[in-house]
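Written below as structure tokens is the structure these notes are about.
The values are calculated or read from the model by the stated rules, or taken from the named source; none is laboratory data. These numbers come from a predicted model, not from an experiment. Every residue, glycine among them, receives a Cβ derived from its backbone with ideal geometry; neighbour counts consider all protein chains shown. Please note that ligands, DNA and RNA were not included when accessible areas were found on the heavy atoms of the full protein model with its side chains. Shrake-Rupley method; radii C 1.70, N 1.55, O 1.52, S 1.80 Å.
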Amino acid sequence: MRTISAAETAPATYAWAVHAEQLRVKAGRHLAVDGLDLRLQTGVHGLLGPNGAGKTTLMRALATVLKPSGGQLTLLGETVSGRADLRRARRGLGYLPQDFGFYPRFTVREFVEYMAWLKEVPKPAIPGAAQRAIERVGLTAKADAKMKTLSGGMVRRAGIAQAIVNDPQVLLLDEPTVGLDPEQRLDFRDLLADIGVDSCVLVSTHLVEDVVAACTDVILMSEGKLVFQGGPEALIAHGDQGDAGFSPAERGYSALLRRHRGGVA
Amino acid sequence: MTTHPDAGVLARYAEGDPALDEANVWSVETHLETCADCRGHLAGHAPDDTLALLERVAAGIDRGIADGPSPVPRRRAWSAASRRWFVVTLAPWLTMTAAVLGCAVLLQLGMPELPSLVLLLAPVAPLPGVAVAWNRRTDPAWELIAGTPAAGLGMLLRRTAVVLAVVVPLLAVAGARTGAPLALMLFPSLAFTAASIALGALIGVRRAVLVLAAVWSLAVVLPSLVTSELPVVLHPGGAAGWALAACAMAALTAARADLFRRLSSGN
Ligand SMILES: [Zn+2]
């Protein structure tokens, strides 16, 4: 249990937690996100797309780590494109990069607490916030183990713990289920659903089934553009028996991509 | 607040007498919330089985606290851990800087006819440390850190301050040993540190350090070794110019502080 501050119950003054208009972001010299329009509200959103669709670049731009080269990006009502001060928006962000580095000699607790401090969680609240985040990802037994002794799945869960330690209103997870075993995957879906009740969660993944099972909203990206946004049922409805894939959702996914490529070519 | 409920009503309330009507229960409860005296009386009216129950619960809680894991000590382990990491990362580079300066001192004492090597090296002495302090290759959690509100110029300056806290005393000692003027040891090194950060805003600190060190070596160090004469910029009159340059570079950096908030491709 924790006490809820007045700031948390105050009504939001913005319409969309994430609002991108004609967003363009470069990855190196390549324009990986090319004129993307996206609006996200509270809930769990699954970001799908083939390799090279620009998912990771979009995630990095939303995490304010990369500067957009064009367009408008607003997070939690704060403009974060251009020369804006990112501090306020960043306090409400949680981000797990796809390949995230960590300090191998840190314990899980030190790692999560250090990240909480960098996220400007008030100092007296840091130990409690870290403990709660570690419990939520099921790493309590390993809290005082060094990061370098953890398995791949545990490292990923420690990464999720640091992402949620500041109770972010926008949580960005890039391929968070890599390295998790099936049981941990199910736990992770429950955690997502729990966080998605009052936060905007964007999960990028290449597993169509994960998205259908855990997300309230599906976003499909291809070649840096938004191809589809809608509920899992709408994604399924796009598929025919003739489309590639082992499940209705996968058939919907490949039908949408095929139509998009056909339209572009 | 106004009138205390009488002892009989309080006793019936404590026993949970069903004959006590709802309006009475309600008024007793409202009164109890604000009156410590009556709460005290209420405890005295509690029936034995309630007291026994409370006793059992209290004993159970005490046992649970005694048997359970002790609370996590509220030390700031993360703070020590992050400092430990920084020191471990920085130590080899600062040791190298100290070794190079030491060699320069020995060379100069052994061969006084050469131009002061210590003076020639002083400007670039903090640069290796600065490059390591702000570098995605030496900081494994770079991308995680780059997305936090604390990331930015303030963090870079804190790390740079640690480097200077080691390098400046080294320079002072080297200057004292060789008789080089202190101002000419310190101001050029501060100017170069500030310049590497200002230029780093545009091309990344690591690249800025490489560029500045290369320019200094080719344009100043090499010619003065060839001609065996100290360049004009390192003559005693030059100190004020270096101090001015350091301030200008610092101002330039402060003006573009926003450039340090992102994951710049150069770092
Ligand atoms: Zn009273």
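Condition test on B:PRO115, is it on the phi < 0 side of the Ramachandran plot and surrounded by 14 or more Cβ atoms within 10 Å (Cβ to Cβ)? Considered against the rule, which asks whether it is on the phi < 0 side of the Ramachandran plot and surrounded by 14 or more Cβ atoms within 10 Å (Cβ to Cβ), B:PRO115 comes out as yes. Consider B:THR50 carefully, then state whether it is away from the ligand (no atom under 16 Å from the Cβ) and either surrounded by 11 or more Cβ atoms within 10 Å (Cβ to Cβ) or part of a helix (DSSP H, G or I) (or both). Yes: the conditions hold for B:THR50.
Looking at A:LEU192, A:LEU207, which is the one that is of a type in the set (A, V, I, L, M, F, W, C), more than 14 Å from every other protein chain (Cβ to nearest Cβ) and open to solvent by 20 Å² or more (accessible area, probe 1.4 Å)? Steps first, answer last, please.
Working: A:LEU192 fails: open to solvent by 20 Å² or more (accessible area, probe 1.4 Å).
The match here is A:LEU207.
Criterion applied to B:GLY16, B:GLY68, B:GLY40 was being open to solvent by less than 100 Å² (accessible area, probe 1.4 Å) and under 46 Å from the mean Cα position of the chain (by Cα), and the one residue passing it is B:GLY68. Among the residues making up the range B:19-37, those that are within 14 Å of the ligand (Cβ to nearest atom), open to solvent by 60 Å² or more (accessible area, probe 1.4 Å) and free of Cβ contacts under 8 Å to residues at least 24 places away in the same chain are B:SER27, B:GLU29, B:THR30, B:GLU33, B:ALA36.
Contact map, the range B:136-150: residues that are under 12 Å from A:TYR95 (Cβ atoms) and crowded, with 20+ Cβ neighbours inside 10 Å paired with residues that are modelled with pLDDT of 85 or more and polar (S, T, N, Q), Cβ distance under 8 Å, separation 6+ or inter-chain. Pairs shown: B:LEU144/A:GLN162; B:GLY147/A:THR64.
I'd like the residue in the range A:86-103 that is open to solvent by 50 Å² or more (accessible area, probe 1.4 Å) and more than 7 Å from chain B (Cβ to nearest Cβ) and, out of all such residues, is nearest to A:ASP167 (Cα to Cα). Result: A:ARG88.
Across the range A:69-85, which residue is nearest to the other protein chains (Cβ to nearest Cβ) among those that are more than 20 Å from A:VAL201 (Cβ to Cβ) and open to solvent by less than 20 Å² (accessible area, probe 1.4 Å)? Show your work before the answer.
Within the range A:69-85, the first condition is being more than 20 Å from A:VAL201 (Cβ to Cβ), and the residues that meet it are A:69-72, A:79, A:81-85.
So of that shortlist, the ones also open to solvent by less than 20 Å² (accessible area, probe 1.4 Å) come out as A:70, A:81.
Values: A:GLY70: 15, A:SER81: 11 Å.
Filtering first and then ranking leaves A:SER81.
Kindly establish whether B:GLY241 is open to solvent by less than 50 Å² (accessible area, probe 1.4 Å) and farther than 30 Å from B:THR138 by Cβ. Yes: the conditions hold for B:GLY241.
Taking the range A:104-141 as the search range and keeping residues that are of a type outside the set (Val, Ile, Thr) and outside any helix (DSSP H, G or I), which one is surrounded by the fewest Cβ atoms within 10 Å (Cβ to Cβ)?
Pass one, the range A:104-141, residues of a type outside the set (Val, Ile, Thr): A:104-106, A:109-111, A:113-120, A:122-125, A:127-133, A:135-136, A:138-139, A:141.
Filter again for outside any helix (DSSP H, G or I), leaving A:104-106, A:119-120, A:122, A:138-139.
Numbers: A:PRO104: 13, A:ARG105: 14, A:PHE106: 24, A:LYS119: 25, A:GLU120: 14, A:PRO122: 9, A:GLY138: 17, A:LEU139: 21.
Selected residue: A:PRO122.
Scanning the range A:190-212 for residues that are part of a loop (DSSP other than H, G, I, E, B) and in contact with a Ser or Thr (Cβ under 8 Å, 6 or more places away or on another chain) gives A:GLY196, A:VAL197, A:ASP198, A:SER199, A:THR205, A:LEU207.
Collect the residues in the range B:115-152 that are within 14 Å of chain A (Cβ to nearest Cβ) and among the hydrophobic types (A, V, I, L, M, F, W, C), keeping them in residue-number order. Before you say what the answer is, go through the steps one by one.
Of the residues in the range B:115-152, the ones within 14 Å of chain A (Cβ to nearest Cβ) are B:135-152.
Scanning the range B:115-152 gives B:ALA141, B:TRP142, B:LEU144, B:ILE145, B:ALA146, B:ALA150, B:ALA151.
The numbered conditions (1) of a type outside the set (A, V, I, L, M); (2) assigned to a helix (DSSP H, G or I); (3) farther than 23 Å from A:LEU62 by Cβ are all true for A:ARG157 except (3). Among the residues of the range B:76-117, the ones that are β-branched (Val, Ile, Thr) and in contact (Cβ under 8 Å) with a residue 60 or more places away in the chain come to 2 in all. For the range B:228-241, the tally of residues that are in a helix (DSSP H, G or I) and in contact (Cβ under 8 Å) with a residue 60 or more places away in the chain stands at 1.
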